[in-house]
Amino acid sequence: MRRAKELGAGRRSGVNKERLERYSLAGPENQAAVQAGLSGGDWFRSAVPRKRMKELMRRSDYPAIRDTVIWLGLLALFAGLGIAFWGSWWAVPFFLVYGILYGSTSDSRWHEAGHGTAFRTRWIDQGLYQLASFMIMRDPTTWRWSHTRHHTDTLILGRDPEIAVMRPARLARLVVNFVGLVDVPLAFASMFRHAAGRLTADEADYVPASERHKVYRTARIDLAIYAATIGLAIGFRSWLPVVLIGGPRLYGALLLYVYSFTQHAGMGENVLDYRLNTRTVKMCRLNRFLYWNMNYHVEHHMFPMVPYYRLPELHEEVKGDLAPAYPSLWAAYQEIIPAVWRQLRDQEYYVRRELPPGAVPYYQPAAINDGRALPVPVLSTGPTAALCRRGLRCAGWTTSIRRTSSRSRTTARTTRSTGRPAMSTTPRTGTARTSRRCCATGWSWGG
């Protein structure tokens, strides 16, 4: 009996290892996803009237400047109080708040400034992006391109470099990362690697050669700042410099992961409908300030050029197509934890929620888009492969879509035929034109 259990455990371990290897951007899953039409596919987006979408995409400096001044002011206030009480236990609560503001909420500022949607004035946007990138220990260049890929290929195996909770989840890694014990060592390893003029195989897959010199330069600057911080700590024989710079990425990281795991954990993979792989969670005013409204995550993925301060309005426009928003963080985790636990045994399981009456059905153009993320075969070239690259199954199914896409004029119908797509052309309804690109995705609606 014991021997049988050991064999079963070893067999599961081998299956799990093989499954996790599919997430590598340097493996065969990458090319298979490209050939199958999963990479850069046409995603479902709810129809929003053109005029209304143009209003929603309009940027303003005021909301983001107001929120940034409050954020920086709070950082300065709690850092000052912590310094004032340094050497006593009274400093602890002040530095805990400072750590959360530094090590967790810099993530949402990094995210929005990286998209180029937070501010109307470009240089303010870029300034915040560089600051937040340093605080969250992310190279601004590699992560900009990484996040571009995350948006074009959200939870596509072998393509998305930002899948935090895999199937099966690496639970020990996720738990210790609540205090940054995985991400921070990896960040420093990346800094040293970049400072030496090298990228990983995954980074080389999405960072253009013309941008790589920026990666190397930033790593050298960041390492110099951290070296100076450690030098001050040694010189003054005090931990205070490290508690102020760099350290918060460890002791203040909790909310970063509490928030971010709600985005995609336990959801469908290899789908082309954000409603199948992303969540929207209702939060109180304080959490929405700290998270910069990224709790409206389905809406953000559908329309990444809408600024964070307009996402609640966008939610009202598209909520008829969405499953009901989770009423709280607790409600979201009541679903996430059992789902992730079940995926330890069953890697084909994922959360699939019921849509409200009248909502556009889930967009699943082929069997490979059913959310289970079964292995995708590498296709040969030819007419059949070309059909499959449009996301169509080779075994005779054409598209099963009713899609409104902000990048395509095409809407398709469900048919069962000999393999020929039944396509019709309709006017775009959910678009508005602007000449400014979204920094993180590279998308623009202009012409």
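Does at least one position in the range 277-289 carry a residue that is closer than 20 Å to Leu256 by Cα, in contact (Cβ under 8 Å) with a residue 60 or more places away in the chain, part of a helix (DSSP H, G or I) and among the β-branched types (Val, Ile, Thr)?
no
Scan the range 264-274 and give yes if some residue there is under 20 Å from Thr148 (Cα atoms) and either without any contact (Cβ under 8 Å) to a residue 40 or more places away in the chain or assigned to a helix (DSSP H, G or I) (or both), otherwise no.
yes
Take the range 130-153 and flag every residue that is within 20 Å of Thr200 (Cα to Cα) and of a type in the set (Ser, Thr, Tyr).
Matches in the range 130-153: Ser133, Thr141, Thr142, Ser146, Thr148.
Conditions first: (1) in a loop (DSSP other than H, G, I, E, B); (2) buried (at least 19 other Cβ atoms within 10 Å of the Cβ); (3) in contact (Cβ under 8 Å) with a residue 24 or more places away in the chain; (4) not small (Gly, Ala, Ser). Asn293 passes all but one, so which condition is the exception?
(3)
Quick one: would you say Val215 is closer than 20 Å to Gln130 by Cα and among the β-branched types (Val, Ile, Thr)?
Criteria met by Val215.
Return the only residue of Pro312, Pro307 being modelled with pLDDT of 95 or more, more than 19 Å from Gly358 (Cα to Cα), surrounded by 22 or more Cβ atoms within 10 Å (Cβ to Cβ) and not aromatic (Phe, Trp, Tyr).
Pro307
Quick one: in the range 104-136, which of the residues that are part of a helix (DSSP H, G or I), over 17 Å from the mean Cα position of the chain (by Cα) and not hydrophobic (A, V, I, L, M, F, W, C) is nearest to Phe289 (Cα to Cα)?
This residue is Asp125.
Can you name the residue in the range 146-164 that is surrounded by fewer than 22 Cβ atoms within 10 Å (Cβ to Cβ) and of a type in the set (A, V, I, L, M, F, W, C) and, of all such residues, is nearest to Glu211 (Cα to Cα)?
Per the stated criteria, the residue is Ile163.
State which residue is farthest from the chain's Cα centre (by Cα) when the search covers only the range 249-271 and only residues that are of a type in the set (A, V, I, L, M, F, W, C) and closer than 24 Å to Arg310 by Cα.
If we take residues in the range 249-271 being of a type in the set (A, V, I, L, M, F, W, C) and closer than 24 Å to Arg310 by Cα, then Leu255 is farthest from the chain's Cα centre (by Cα).
Just one of (1) under 23 Å from the mean Cα position of the chain (by Cα); (2) more than 30 Å from Leu374 (Cβ to Cβ); (3) of a type outside the set (S, T, N, Q) trips up Ala76, so point out which.
Going through (1) under 23 Å from the mean Cα position of the chain (by Cα); (2) more than 30 Å from Leu374 (Cβ to Cβ); (3) of a type outside the set (S, T, N, Q) one by one, Ala76 breaks only (1).
Return the only residue of Val69, Val15 being loosely packed, with under 15 Cβ neighbours inside 10 Å, among the β-branched types (Val, Ile, Thr), modelled with pLDDT under 90 and more than 22 Å from the chain's Cα centre (by Cα).
Result of the check over Val69, Val15: Val15.
Do any residues in the range 34-59 that are free of Cβ contacts under 8 Å to residues at least 60 places away in the same chain and on the phi > 0 side of the Ramachandran plot have Cβ atoms under 7 Å from those of residues that are among the aromatic types (Phe, Trp, Tyr) and surrounded by 15 or more Cβ atoms within 10 Å (Cβ to Cβ), where the two are at least six apart or on different chains, and which pairs are they?
Listed by first residue and then by second, the contacts come to nothing, as the list is empty.
Which one of these does His151 not meet: (1) at pLDDT below 95; (2) over 30 Å from Arg345 (Cβ atoms); (3) touching a helix residue (DSSP H, G or I) at 6+ places or on another chain (Cβ under 9 Å)?
(1)
Quick test of your reading of the structure: Val298 fulfils all but one of (1) farther than 27 Å from Leu171 by Cβ; (2) in contact with a Phe, Trp or Tyr (Cβ under 6 Å, 6 or more places away or on another chain). Name the failing condition by number.
The failed condition is (1).
Being within 22 Å of Ala164 (Cβ to Cβ), among the basic types (Lys, Arg), buried (at least 17 other Cβ atoms within 10 Å of the Cβ) and out of contact with any Pro (no Cβ under 6 Å at 6 or more places or on another chain) is the requirement here; does Arg249 meet it?
So Arg249 passes the test.
Is it the case, given these coordinates, that Arg52 is surrounded by fewer than 22 Cβ atoms within 10 Å (Cβ to Cβ), among the charged types (D, E, K, R), assigned to a loop (DSSP other than H, G, I, E, B) and modelled with pLDDT of 95 or more?
Here the answer is no, as Arg52 does not meet what is asked.
Only one of these conditions is not met by Arg353: (1) more than 27 Å from Val175 (Cα to Cα); (2) in a loop (DSSP other than H, G, I, E, B). Which number is it?
Every listed condition holds for Arg353 apart from (1).
How many residues does the range 24-39 contain that are assigned to a loop (DSSP other than H, G, I, E, B), surrounded by 15 or more Cβ atoms within 10 Å (Cβ to Cβ) and of a type in the set (Gly, Ala, Ser)?
5
The values are calculated or read from the model by the stated rules, or taken from the named source; none is laboratory data. Note that the structure is predicted; figures quoted are calculated from it, not measured. Cβ coordinates were reconstructed from backbone atoms using ideal geometry, including for glycine residues, and neighbour counts include every protein chain displayed.
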